[in-house]
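The values are calculated or read from the model by the stated rules, or taken from the named source; none is laboratory data. Small disclaimer: the values here were computed from a predicted structure and weren't measured. For neighbour counting, all protein chains shown are included, and Cβ atoms are generated from backbone atoms with ideal geometry for every residue, glycine included. Heavy atoms of the whole protein, side chains included, go into the accessibility calculation; ligands, DNA and RNA do not. Shrake-Rupley method; radii C 1.70, N 1.55, O 1.52, S 1.80 Å.
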Amino acid sequence: MNRPRRYGPAAGVVLVGAGLILATIAWRWGHVTYGTGVTAVVVGVVWVVALLTRGTAWRIVLSAAAVLVIVAGAVVAVTGFPQSPPRWNIPSDAQLPNEWSARAGDLIIMGGTARDIETGKVAWAHAGPDATPMLVDEGLVVIDTGNSSIGVDPSTGREIWRSTVTGRGIAHDGKILVVADTRDGTEAVALNLATGVTLWRRNGRPVMECDYGPTDRFSPAREQSYVLLVQNEVRKGSAELLGLTEGRTTIGDVDCSVMARIVGDVLLQADGRTLAGRSPADGRRMWSTPAEQPWDVYGSGSMVFTPTAGRRDLIGIDVTTGRSSRLAPPPGTRKVQLASAEQRTPEVWALLERGSGAALWNPGTGQIAEVPDAVTIRIEGVGMSSGWIRLEGTTRDVTGAKTDQCWAFSPEGRLSDPFPGRNCLVDDGLLKIQDDVHPIL
């Protein structure tokens, strides 16, 4: 008759602990209350084991097993099963991916070194740690070694040519690369990509676009037939458009005071409350369409996007005809946030601010990509050439506690698993957080 009362206090401790755990999950009280509940369950179970068993050895073994099972289950319930995502295994002093890195096929070019995107193994290396890529393409990599530049076959690492020109790669058309050479003042220099021979030089600063004055949005050059040249940076609004083949001026009155850049075969310019499209061959105005924020343009495909003043909708503009259409996000969206750094790739994604959860929206295709378990989330960077997006924010576990997380998001709409931490770097299929590099394949 006394046995039930003998186990009563131990069972009561277990029930109190279980109640705390359930209440924590139901009302999101956090890790402290959850841990208190788990501790109470452990104490109660060990107490019961001690009452049920005889002999010190058995009590120790069974108590240890019970503690292990309970604690492991509690941790897995919060964090999930341990994961070991793919990670590069490279020396601690090796150069890591940075904002100048770019991809050529299955290789990532960092400075003068090419590594396999999946394993991180060195495929080939040129020059030292100060080298930077001037152009990264499937068929050719051009590297600034510090005192010269070299053209390299990316598949073999073989040096094809060498030039005395150094600087930043700004634009190329597949045959000619325009470099911003700053050794003796700013100069635009054109290199023959087949031989490395200098084709022409022009005084001034070559840029891909103007945005309230000339803007050096550098990425290891992308395919273009024209480049902007700013000869006097003090005089805002004064820029020329050059053809890459001969370096001749095709438009001499490009207004650089607000926004101007080439998209396809059209020069886009902000003009008051309109966005205008001009022919880069002769400057002829092709079309003009109203836009609430014509200086804020995203994308480099057949259609570009600009937000409305309230950022609740987007305006899609056909760059060939200038026809515009208002694009409403999915129902329930309070605000549309385009990337914090302007996207310069054909696929444009916007972050949707909604009542609950988070998602990214492709206004061109209508595709939606959900971000599971996100409490807060923000776009922290976009690879201008690759289109990969770096997302940072927080998730909430079953107890309600928040954890800082990073995600990588591909231009095709593929979201990586979250990686604990913040201040990560994402580009071209890689996510770097602290000193760990993870391929997102």
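To keep it simple, each residue is scored yes or no on (1) at pLDDT 90 or above; (2) in contact with an Asp or Glu (Cβ under 8 Å, 6 or more places away or on another chain); (3) not β-branched (Val, Ile, Thr).
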{"site": "Thr36", "(1), (2), (3)": "yes, no, no"}
{"site": "Thr39", "(1), (2), (3)": "yes, no, no"}
{"site": "Ala50", "(1), (2), (3)": "no, no, yes"}
{"site": "Thr53", "(1), (2), (3)": "no, no, no"}
{"site": "Thr56", "(1), (2), (3)": "no, no, no"}
{"site": "Ala64", "(1), (2), (3)": "no, no, yes"}
{"site": "Ala77", "(1), (2), (3)": "no, no, yes"}
{"site": "Phe81", "(1), (2), (3)": "no, no, yes"}
{"site": "Gln95", "(1), (2), (3)": "no, no, yes"}
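Any chance the stretch 70-86 includes a residue that's in contact (Cβ under 8 Å) with a residue 60 or more places away in the chain, in contact with a strand residue (DSSP E or B) (Cβ under 6 Å, 6 or more places away or on another chain) and crowded, with 19+ Cβ neighbours inside 10 Å?
Within the stretch 70-86, none of the residues are in contact (Cβ under 8 Å) with a residue 60 or more places away in the chain, in contact with a strand residue (DSSP E or B) (Cβ under 6 Å, 6 or more places away or on another chain) and crowded, with 19+ Cβ neighbours inside 10 Å.
So which residues in the stretch 347-388 are closer than 19 Å to Asp427 by Cα and in contact with a Pro (Cβ under 8 Å, 6 or more places away or on another chain), if there are any at all?
Glu347, Val348, Trp349, Ala350, Ser385, Ser386, Gly387, Trp388, listed by residue number.
Just need a number here: residues in the stretch 292-318 that are under 17 Å from Asp265 (Cβ atoms) and open to solvent by 50 Å² or more (accessible area, probe 1.4 Å).
Qualifying residue count for the region: 2.
Being in contact with a strand residue (DSSP E or B) (Cβ under 6 Å, 6 or more places away or on another chain), touching a residue at least 60 places away in the same chain (Cβ under 8 Å) and either open to solvent by 60 Å² or more (accessible area, probe 1.4 Å) or in a loop (DSSP other than H, G, I, E, B) (or both) is the filter here; which residues of the stretch 101-132 pass it?
Of everything in the stretch 101-132, those that are in contact with a strand residue (DSSP E or B) (Cβ under 6 Å, 6 or more places away or on another chain), touching a residue at least 60 places away in the same chain (Cβ under 8 Å) and either open to solvent by 60 Å² or more (accessible area, probe 1.4 Å) or in a loop (DSSP other than H, G, I, E, B) (or both) turn out to be Ser101, Ile117, Glu118.
Leu140 fails exactly one of the following numbered conditions: (1) among the hydrophobic types (A, V, I, L, M, F, W, C); (2) surrounded by fewer than 18 Cβ atoms within 10 Å (Cβ to Cβ); (3) over 17 Å from Asn98 (Cα atoms). What is the number of that condition?
(2)
Anything in the stretch 402-420 that is part of a strand (DSSP E or B), of a type outside the set (Ser, Thr, Tyr) and surrounded by fewer than 19 Cβ atoms within 10 Å (Cβ to Cβ)? List them, or say none.
Narrowing the stretch 402-420 to residues part of a strand (DSSP E or B): 402-409, 415, 419-420.
Now drop any that are not of a type outside the set (Ser, Thr, Tyr), which leaves 402, 404-409, 415, 419-420.
Within the stretch 402-420, Lys402, Asp404, Leu415, Pro420 qualify.
Can you tell me which residue among Thr321, Thr399, Thr394, Thr333 is surrounded by fewer than 20 Cβ atoms within 10 Å (Cβ to Cβ) and under 30 Å from Leu22 (Cα atoms)?
Of the residues listed, the single one that is surrounded by fewer than 20 Cβ atoms within 10 Å (Cβ to Cβ) and under 30 Å from Leu22 (Cα atoms) is Thr394.
Give Pro85, Pro91, Pro129 a once-over and let me know the one that is more than 25 Å from Ala180 (Cβ to Cβ) and over 23 Å from the mean Cα position of the chain (by Cα).
The match here is Pro91.
Can you say whether Gly17 is of a type outside the set (A, V, I, L, M), more than 44 Å from the chain's Cα centre (by Cα) and open to solvent by less than 50 Å² (accessible area, probe 1.4 Å), as far as the supplied structure shows?
So Gly17 does not fit the description; no.
Output the number of residues of the stretch 365-384 satisfying the condition of being in contact with a strand residue (DSSP E or B) (Cβ under 6 Å, 6 or more places away or on another chain), surrounded by 19 or more Cβ atoms within 10 Å (Cβ to Cβ) and not in a strand (DSSP E or B).
The qualifying residues number 1.
Condition (residue is open to solvent by 40 Å² or more (accessible area, probe 1.4 Å), at pLDDT below 95, not in a strand (DSSP E or B) and not acidic (Asp, Glu)) applied to the stretch 179-195: is it met by at least one residue?
For the stretch 179-195, residues open to solvent by 40 Å² or more (accessible area, probe 1.4 Å), at pLDDT below 95, not in a strand (DSSP E or B) and not acidic (Asp, Glu): present.
Tally up the residues in the stretch 421-434 that are of a type outside the set (Lys, Arg), modelled with pLDDT under 90 and either in contact with a His (Cβ under 6 Å, 6 or more places away or on another chain) or open to solvent by 60 Å² or more (accessible area, probe 1.4 Å) (or both), please.
2
Looking for something loosely packed, with under 15 Cβ neighbours inside 10 Å, of a type outside the set (D, E, K, R) and over 30 Å from Glu187 (Cβ atoms) - is there at least one such residue anywhere in the stretch 277-291?
yes
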